[in-house]
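Participant: The structure is given below, and queries will be raised subsequently.
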Amino acid sequence: MTMLAQLQVSGDLAGLARCFLEQGGDTRCDLYAYLQGFTADSRISFSQWWELLERLQQRYPQRHIGLELGLLVRPEFVGVLGYLLLSSETVADALQGFQRYQRLLHDGDRATASLQDGCLRLSWSTDYGPSSRLSDEVLVVGMLTFIRQMTARANLSPQAVHFSFAEPADTKPYRQTLGCEVLFQQAQTAILIRPEYLALPVNNHNAGLKQLLEQQAQALMDVLPQSESFVQSLRTVLLKALQSGEPTSRTVARLLHLSERTLFRRLEEHQLTFKEVLAQTRMQLAKEYLSEGRLTHSEIALLLGYSEQSAFSRAFKRESGLSPRQWLHRS
């Protein structure tokens, strides 16, 4: 199980799935009854969210559940964060608010803003392990839907969208929904937003309301469960241990100021094993080293603590489904 699977998302998202079933008149099924158990102020794990999306997809195998749910996103399905974004002055202002208070929506990787080809690039890494295809679809399409609602521009489209999952057999629904070039098997999930969109005004801008909502958002951030903190500390320490050539449980426990026994107990509480977390962290570093292109595969294997290059290649393919060369070519 990945580190991300044990982190949490907002229970508001269960309302999004309920809305989908209600629109189709499908409210007498076990899945709808299950969704009724989640309240807007609850938190659910990523693994529960992924399972929920898979159950919806299995119930409607001919439909593109992730894309359709993304198109249904409304402020009430994002809680305080949604209304805060709607009270922003411009799209750029709203995106800054999203970055700052994103944890109200989900734990794990935050959106990182950078410039690429003259566009604002919002991207999500896989430092905590990969998310699911359906979840990434909801995130990206939902964000675009929200920007379209804020600006009252139903046809607004990004410059491009990148997904980290493999290219599906039919890519046409993605291009139709997003209205732009869509690339798959990328290093990160990302949205490239045209610069002229950043200055667009938000229709419901209200400075006074925004200030109140920011205070509420910060108060909610302050009382969020801190399950993420252990996972974050563990990942940071493992990266240091790998780079120093000592990725052992004893070394990691010492760097965390824990006994080895306590480390294993904390991992068990999060339904993780040291072996799994070490493998995921090695993969993260491996992809970074491969992308930089400054090291040979033998040097990467040595830095990550593998006995030889072939052992590194086998481990990489086991985790990603691709050899290092194949992954680099596709990325």
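Participant: With Kirkwood's inverse mean 1/r over C-alpha pairs for Rh, give me the Rg to Rh ratio of the stretch 86-236, two decimals please.
Facilitator: Ratio value, two decimals: 0.98.
Participant: As a test of understanding, state the convex hull volume per residue of the stretch 220-294 from its alpha carbons, in Å³.
Facilitator: It comes to 110 Å³ per residue, whole-number rounded.
Participant: Still on this model: Any idea how far apart Ser42 and Asn204 come out in nm if each label point goes 7 Å out from Cα toward Cβ?
Facilitator: Taking the simple label geometry, Ser42 and Asn204 are separated by 2.5 nm.
Participant: Right, next: With a Cα-only, solvent-free Debye model of the stretch 52-127, what are the log10 I(q)/I(0) values at q = 0.26 Å⁻¹?
Facilitator: Per q value, in the given order, log10 I(q)/I(0) is -1.20.
Participant: Sorted by mean Cβ packing within 10 Å, highest first, what order do the peptides 25-33, 49-57 take?
Facilitator: The packing order, highest mean first, is 49-57, 25-33.
Participant: Could you check how much of the accessible area of the chain is carbon and sulfur, as a whole percent, using a 1.4 Å probe?
Facilitator: 49
Participant: Another question, then. Might you report the magnitude of the Cβ-based charge dipole of the stretch 254-331 about its Cα centre, with Lys and Arg at +1 and Asp and Glu at -1, to the nearest 20 debye?
Facilitator: 120
Participant: Between Lys317 and Glu299, what is 0.36 nm times their sequence separation minus the Cα-Cα distance? Round to one decimal in nm.
Facilitator: Once the chain is fully extended between Lys317 and Glu299, it gains 4.7 nm.
Participant: Rounded to the nearest 500 deg cm²/dmol, what is the calculated helix-only ellipticity per residue at 222 nm for the chain, with -39500 (n - 2.57) per DSSP H run of length n ≥ 4?
Facilitator: -17000 deg cm²/dmol
Participant: Which cross-chain or sequence-distant (5 or more) residues have an amide H under 5 Å from the amide H of Glu181, H modelled 1.01 Å from N in plane?
Facilitator: Answer set, sorted by chain and number: Val161.
Participant: About the Cα centre, and with charges only on the beta carbon of Lys, Arg (+1) and Asp, Glu (-1), how big is the dipole of the chain? Nearest 20 debye, please.
Facilitator: My answer is approximately 520 debye.
Participant: How many nm separate the modelled label positions at Glu54 and Met221, each set 7 Å beyond the Cα in the direction of the Cβ?
Facilitator: 3.3
Participant: Mind pulling up the Rg/Rh value for the stretch 2-42? Radius of gyration and Kirkwood radius, both on Cα.
Facilitator: Rg/Rh: 1.06.
Participant: Could you work out the percent of alpha carbon pairs in the stretch 126-196 separated by over 20 Å, rounded to a whole number?
Facilitator: 26
Participant: What value does the stretch 175-248 have for Rg/Rh, both radii from Cα atoms and Rh as Kirkwood defines it?
Facilitator: Ratio value, two decimals: 1.15.
Participant: Let me ask something else. Compute log10 of I(q)/I(0) for the stretch 105-161 with the Debye formula, placing one identical point scatterer on every Cα and leaving out solvent, at q = 0.15, 0.18, 0.23 Å⁻¹, to two decimals.
Facilitator: Debye intensities relative to I(0), on a log10 scale: -0.52, -0.74, -1.11.
Participant: Now, a different point. Could you pull the Cα extents of the chain along its three principal axes, largest to smallest, in whole Å?
Facilitator: 57, 42, 41
Participant: Can I ask one more? For the chain, build the charge dipole from Cβ charges (+1 Lys, Arg; -1 Asp, Glu) around the Cα centre, then report which of Gln36, Met283, Gln176 sits farthest towards its positive end.
Facilitator: It is Met283, whose Cα lies furthest towards the positive end.
Participant: Just to check I understand the Karplus step: with θ = phi - 60° and J = 6.51 cos²θ - 1.76 cosθ + 1.60, what whole-Hz values come out for the stretch 5-21, glycine and proline as x?
Facilitator: Taking θ as phi minus 60°, the curve returns 4, 8, 7, 10, 10, 5, x, 4, 5, 5, x, 5, 5, 4, 4, 4, 5 Hz for the stretch 5-21.
Participant: Please provide three numbers in whole Å: the alpha-carbon extents of the stretch 260-310 along the principal axes, with the largest listed first.
Facilitator: Cα extents, longest axis first: 38, 21, 15 Å.
Participant: Viscosity 0.890 mPa s, temperature 25 °C: what is the translational diffusion coefficient of the stretch 1-106 from Stokes-Einstein with a Kirkwood Rh over Cα pairs, rounded to a whole number of µm²/s?
Facilitator: So the translational diffusion coefficient is about 167 µm²/s.
Participant: Here is a follow-up. Considering only protein heavy atoms, what per residue accessible area in square angstrom results for the stretch 29-97 with a 1.4 angstrom probe?
Facilitator: On a per-residue basis, the stretch 29-97 sits at 44 Å².
Participant: For Tyr128, which sequence-distant residues (separation of 5 or more, or a different chain) have an amide H within less than 5 Å of its own amide H, given hydrogens modelled in the peptide plane?
Facilitator: The list, which skips near neighbours in sequence, is Asp109.
Participant: Sticking with this structure for a sec: When the Karplus curve 6.51 cos²θ - 1.76 cosθ + 1.60 is applied with θ = phi - 60°, which whole-Hz ³J(HN,Hα) does each residue of the stretch 279-288 get, with x for Gly and Pro?
Facilitator: Each residue of the stretch 279-288 in turn: 4, 5, 5, 4, 5, 4, 5, 4, 5, 5 Hz.
Participant: What translational diffusion coefficient, in µm²/s and rounded to a whole number, does the Stokes-Einstein relation yield for the stretch 95-134 at 20 °C and a viscosity of 1.002 mPa s, taking the hydrodynamic radius as the Kirkwood radius over Cα pairs?
Facilitator: Rounded, D is 189 µm²/s.
Participant: Hey, can you rank 67-80, 233-246 by average C-beta count inside 10 Å, highest first?
Facilitator: 67-80, 233-246
Participant: At 1.4 Å probe radius, can you tell me the per residue accessible area of the stretch 213-276 in Å²?
Facilitator: Result: 60 Å² of accessible area for each residue.
Participant: Give me the distance between the Cα centres of the stretch 255-285 and the stretch 59-98, rounded to whole Å.
Facilitator: 34
Participant: Additional query: List the extent of the Cα atoms of the stretch 38-89 along each of their three principal axes, largest first, rounded to whole Å.
Facilitator: 40, 22, 14
The values are calculated or read from the model by the stated rules, or taken from the named source; none is laboratory data. Since we're looking at a predicted model, the values are computed, not measured. Cβ sites come from the backbone with ideal geometry, for glycine too, and all protein chains shown count toward neighbours. In case anyone asks, the SASA skips ligands and DNA or RNA and just uses the protein heavy atoms, side chains included. Shrake-Rupley method; radii C 1.70, N 1.55, O 1.52, S 1.80 Å.
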